[in-house]
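Scroll down for the structure; my scribbles are underneath it.
The values are calculated or read from the model by the stated rules, or taken from the named source; none is laboratory data. Just so it is clear, the model here is predicted, and its values are computed rather than measured. Here Cβ is always computed from backbone atoms with ideal geometry, including for glycine, and neighbour counts include all displayed protein chains. For the accessible areas, the whole protein counts, side chains as well, though only heavy atoms, and no ligand, DNA or RNA atoms are used. Shrake-Rupley method; radii C 1.70, N 1.55, O 1.52, S 1.80 Å.
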Amino acid sequence: MKNNLPKEPKRDKKNKREIMFHGIPASPGIACGTVMLVHDVSSALLDSKEYKNIPPEQVEEEVQRFKSAIEETRVEIKELRNRIQTSLEHHEANIFDAHFLIVDDRMLMNEVCMLITKKQIPAETAFSQTMQKYIAAISAVADPYLRERAADVKDVAARIISHLQGKGKFQLDHLPGPCIIAAKDMTPSDTALLDRANVLAFAIESGSKTSHSAILARSMKIPAIVGMNRFVECLEDGDSMIVDGFLGIAILNPTKDTIELYQQKEKSKAKLYSELLRETQLQSETTDGYRIQLAANMESADNIADVKKYGAAGVGLFRTEYLFMNTDTLPDEEEQFEVYRKVAEAADGQPVVIRTLDLGGDKLSRALGAYHEQNPFLGLRAIRLCLDNPSILKTQMSAILRAGSFGNVQMMFPMISCMDELNRALELLEEVKSDLKNSNLKFNGKMKIGIMIEIPSAALIADKLARKADFFSIGTNDLVQYTLAVDRNNERVAGLYQPTHPAVLELIARTTQAASDNSIWTAVCGEMAGDPRYIPILIGLGVRELSMSPLSIGHIRRLIRKISMHDAERIAEKALAADTAEEALRHSLEFMEKNVPEILSSIRGG
Ligand code: PEP
Ligand code: MG
């Protein structure tokens with residue numbers, strides 16, 4: 001167990017009680033360490049009542065600090081606007097006009113400076129108090145357009161506060177030492193930034209199992225818990241805590257006995273993992289001889305080593321959007337090509353499915369500039385964003401096609417909702433191929449092109465889509481969210497996020513049927529593929545490839561080697577006929593209890 005606790009636990013000095021918190025297990029592993037609270041800007045604004053007065057001789061310095069922060073923010077917004085004007089085809093740069101109005105607002109400036117001077121309070125506090133008034137006033141107006149501007153105001157406030165503090169989210173990549181991160185929220189780009197050498201674990205209030213931050217944590221092998229209701233308010237920096245990412249439990253101020261118990265627990269988990277690692281050479285085949293491909297999902301080219309380590313049959317999903325996050329400029333074709341080539345070569349002839357950009361929703365890129373949407377998961381996300389900015393998509397397509405000369409690369413489009421989108425993407429692909437031909441660059445002109453089935457409309461027209469695609473990969477994370485109208489990031493509705501809801505299973509069945517009618521294959525690359533409980537149902541429904549976090553491959557391989565396709569089909573039939581999600585899962589759980597109890601207890605925390 002990673003442990004940075006002081007030898008003498010802090011509670012002995014402060015007499016703190018041991019408290020247990022329950023959340024949603026997001027990434028397996030156990031860690032014990034000291035808490036580091038990461039405040040987001042909205043809470044920085046809310047905390048403005050708590051402050052220490054500054055001495056009179058510091059007032060002038062504080063005013064200057066505020067003015068510099070405003071100036072730095074102005075420069076930052078200007079740069080962002082310039083970048084957007086050159087990187088996007090349509091001019092969205094005027095979204096920054098509202099931002100400029102705020103940094104240029106003399107009244108606001110004067111009010112904050114006056115507060116600092118008169119009340120002798122820190123610049124952050126004066127600014128936060130003033131902004132809260134502004135935001136409350138804007139949020140209260142009847143005009144919906146004006147009301148929406150509150151988001152712009154918050155955005156600028158965030159930038160100014162971050163300059164004032166001389167720090168910001170970027171700090172996450174340079175932590176002062178080993179710690180457990182606790183926060184209300186962490187965006188996927190925050191998570192991608194995490195200083196892996198020092199983050200023992202993280203526990204956050206928002207999110208659910210299929211939030212991108214949870215997915216990233218698994219890929220980075222950082223134990224994590226999400227959906228921790230009203231948790232942060234109970235913590236202080238430096239508190240001792242255990243994070244159990246298997247069960248989704250955090251224990252604040254653990255006693256010596258509890259720490260020992262968790263050390264034991266971790267040992268028994270490690271034993272199963274090392275047993276499973278010894279099985280990597282075994283075929284992933286049912287007892288009656290059906291081969292199921294187990295591939296790895298990856299978020300960064302660095303994860304490629306895990307493909308071999310865990311015995312994956314290649315990469316079933318490379319989420320390329322992370323190349324576009326936490327960077328101020330879009331990666332150009334050469335930069336992308338180098339990454340894709342490296343992955344293709346390292347995969348040693350095994351397939352590598354490279355998904356084109358899936359930005360939008362909760363995955364935002366600074367390089368594309370800030371744009372505000374009312375419903376980002378229903379907005380300009382993934383293929384929609386790319387078709388709206390064809391030059392970005394064509395650049396990526398070109399890099400992927402070229403990498404195809406160095407390995408078994410396949411391309412996949414995310415979030416296809418209708419034929420038009422697929423047709424347009426394929427048209428652009430032809431244009432890219434002809435440009436590549438003209439420039440005499442080596443590329444794979446026969447690359448397999450697949451699509452993700454993650455929107456109910458796509459599953460319902462899968463028979464039509466199958467005529468134009470070489471393969472399907474079902475993105476169950478989104479398919480569940482869009483079918484059930486349950487936000488995959490919202491911990492408050494996490495109980496309604498039911499992958500075995502009969503409607504979801506029906507859509508999966510339609511998809512595999514359409515694929516087999518058209519002689520193409522169906523993979524699943526959503527988180528369902530890495531959860532052993534769903535495997536009998538998925539393979540029984542005709543799924544022949546499962547792509548998942550490498551950490552799950554051993555568990556799934558062991559289960560597949562214990563089941564026959566005959567049994568899987570019976571389990572799937574009963575699941576399809578069930579009235580409820582719970583009932584649909586029952587037969588699968590019964591199978592596991594009887595045949596692979598160690599795998600079932602590993603996800604139940606036994
Ligand atoms: C999915 O939706 O299941 C999927 C694999 O894509 P992402 O999680 O990146 O949205
Ligand atoms: Mg998706």
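Across the stretch 191-220, the number of residues qualifying as among the hydroxyl-bearing types (Ser, Thr, Tyr) and either away from ligand 1 (no atom under 16 Å from the Cβ) or open to solvent by 20 Å² or more (accessible area, probe 1.4 Å) (or both) comes to 1. In the set (1) surrounded by fewer than 20 Cβ atoms within 10 Å (Cβ to Cβ); (2) more than 16 Å from ligand 2 (Cβ to nearest atom), the condition left unmet by Ala485 is number (2). Pairs are defined by a Cβ separation below 7 Å, a sequence spacing of at least 6 or placement on different chains, a first member in the stretch 438-455 that is in contact (Cβ under 8 Å) with a residue 12 or more places away in the chain and more than 16 Å from ligand 1 (Cβ to nearest atom), and a second member that is open to solvent by 10 Å² or more (accessible area, probe 1.4 Å) and in a loop (DSSP other than H, G, I, E, B); the pairs so defined are Lys448/Asp470; Ile449/Asp470. The single condition from (1) in contact (Cβ under 8 Å) with a residue 40 or more places away in the chain; (2) more than 21 Å from Arg510 (Cα to Cα) that Lys433 fails is (1). Residues in the stretch 437-461 that are among the hydrophobic types (A, V, I, L, M, F, W, C) and away from ligand 2 (no atom under 16 Å from the Cβ) were compared, and the one that is surrounded by the most Cβ atoms within 10 Å (Cβ to Cβ) is Phe443.
All conditions in (1) assigned to a loop (DSSP other than H, G, I, E, B); (2) within 15 Å of the chain's Cα centre (by Cα) hold for Ala203, with the sole exception of (1). For the stretch 542-559, check the following and say yes or no: at least one residue is more than 27 Å from Lys309 (Cα to Cα), more than 16 Å from ligand 2 (Cβ to nearest atom) and small (Gly, Ala, Ser). Yes, that holds for at least one residue.
For the stretch 498-508, a tally of residues being within 12 Å of ligand 1 (Cβ to nearest atom) and either in a loop (DSSP other than H, G, I, E, B) or in contact with a helix residue (DSSP H, G or I) (Cβ under 6 Å, 6 or more places away or on another chain) (or both) returns 2.
Please go through the stretch 488-547 and pick out each residue that is among the aromatic types (Phe, Trp, Tyr) and closer than 30 Å to Arg230 by Cα. I'd like the intermediate steps shown before the answer.
Kept after step one, since they are among the aromatic types (Phe, Trp, Tyr), are these residues of the stretch 488-547: 497, 521, 534.
Across the stretch 488-547, the qualifying residue is only Tyr497.
Looking at the stretch 221-230, can you tell me whether even one residue there is closer than 30 Å to Ile400 by Cα, of a type in the set (Val, Ile, Thr) and surrounded by fewer than 20 Cβ atoms within 10 Å (Cβ to Cβ)? Looking through the stretch 221-230, none of the residues is closer than 30 Å to Ile400 by Cα, of a type in the set (Val, Ile, Thr) and surrounded by fewer than 20 Cβ atoms within 10 Å (Cβ to Cβ).
Does Arg402 satisfy the condition of being among the charged types (D, E, K, R), buried (at least 20 other Cβ atoms within 10 Å of the Cβ) and within 14 Å of ligand 1 (Cβ to nearest atom)?
Values: among the charged types (D, E, K, R): yes; buried (at least 20 other Cβ atoms within 10 Å of the Cβ): yes; within 14 Å of ligand 1 (Cβ to nearest atom): no.
Spelling it out, it is not the case that Arg402 is among the charged types (D, E, K, R), buried (at least 20 other Cβ atoms within 10 Å of the Cβ) and within 14 Å of ligand 1 (Cβ to nearest atom).
Selection of strands (runs of 3 or more DSSP E) fully inside the stretch 377-489 by the criterion of at least 1 residues being of a type in the set (A, V, I, L, M) and more than 26 Å from Ser211 (Cα to Cα) returns 409-413, 449-453.
Look through Gln410, Gln396 and report the one residue that is within 16 Å of ligand 1 (Cβ to nearest atom) and more than 22 Å from the chain's Cα centre (by Cα).
Numbers: Gln396 fails: more than 22 Å from the chain's Cα centre (by Cα).
Result of the check over Gln410, Gln396: Gln410.
Does at least one position in the stretch 389-399 carry a residue that is out of contact with any Leu (no Cβ under 8 Å at 6 or more places or on another chain), open to solvent by less than 10 Å² (accessible area, probe 1.4 Å) and more than 16 Å from ligand 2 (Cβ to nearest atom)? Yes, the stretch 389-399 contains a residue that is out of contact with any Leu (no Cβ under 8 Å at 6 or more places or on another chain), open to solvent by less than 10 Å² (accessible area, probe 1.4 Å) and more than 16 Å from ligand 2 (Cβ to nearest atom).
Can we say Leu538 is surrounded by 24 or more Cβ atoms within 10 Å (Cβ to Cβ) and either of a type in the set (A, V, I, L, M) or within 15 Å of ligand 2 (Cβ to nearest atom) (or both)?
Numbers: surrounded by 24 or more Cβ atoms within 10 Å (Cβ to Cβ): yes; either of a type in the set (A, V, I, L, M) or within 15 Å of ligand 2 (Cβ to nearest atom) (or both): yes.
Yes, satisfied.
Within the stretch 347-364, does at least one residue satisfy the condition of being within 16 Å of ligand 1 (Cβ to nearest atom), touching a Gly at 6+ places or on another chain (Cβ under 7 Å) and of a type in the set (Lys, Arg)? No, the stretch 347-364 contains no residue that is within 16 Å of ligand 1 (Cβ to nearest atom), touching a Gly at 6+ places or on another chain (Cβ under 7 Å) and of a type in the set (Lys, Arg).
The single condition from (1) more than 19 Å from Asn423 (Cβ to Cβ); (2) among the small types (Gly, Ala, Ser); (3) open to solvent by 40 Å² or more (accessible area, probe 1.4 Å) that Ala509 fails is (3).
Of all residues in the stretch 328-370, those that are farther than 24 Å from Leu436 by Cβ and acidic (Asp, Glu) total 3. Only one of the numbered conditions (1) closer than 22 Å to Lys184 by Cα; (2) modelled with pLDDT under 90 is violated by Thr210, and that is (2). Meeting the requirement of 1 or more residues that are surrounded by 18 or more Cβ atoms within 10 Å (Cβ to Cβ) and of a type in the set (Val, Ile, Thr), the strands (runs of 3 or more DSSP E) wholly within the stretch 232-339 are 240-244, 249-252, 315-319. Annotation note: Cβ proximity below 7 Å between a residue of the stretch 391-417 that is closer than 16 Å to Ser434 by Cβ and a residue that is assigned to a helix (DSSP H, G or I) and within 16 Å of ligand 1 (Cβ to nearest atom) (sequence gap 6+ or interchain) occurs for Leu393/Cys386.
Does at least one position in the stretch 518-532 carry a residue that is surrounded by fewer than 19 Cβ atoms within 10 Å (Cβ to Cβ), on the phi > 0 side of the Ramachandran plot and not assigned by TED's automatic domain parsing to the domain that holds Ile354? Checked against the condition, which is being surrounded by fewer than 19 Cβ atoms within 10 Å (Cβ to Cβ), on the phi > 0 side of the Ramachandran plot and not assigned by TED's automatic domain parsing to the domain that holds Ile354, the stretch 518-532 yields at least one hit. When Ile416 is tested against (1) β-branched (Val, Ile, Thr); (2) within 18 Å of Asp358 (Cβ to Cβ); (3) more than 16 Å from ligand 2 (Cβ to nearest atom), exactly one condition is not met: (3). So which residues in the stretch 340-361 are within 13 Å of ligand 2 (Cβ to nearest atom) and either within 29 Å of Ser405 (Cβ to Cβ) or open to solvent by 30 Å² or more (accessible area, probe 1.4 Å) (or both)? Listed by number, the residues that qualify are Arg355, Thr356, Leu357, Asp358, Leu359.
Just checking, how many residues over the stretch 185-206 are at pLDDT below 90 and either within 11 Å of Met228 (Cα to Cα) or hydroxyl-bearing (Ser, Thr, Tyr) (or both)? The total comes to 4.
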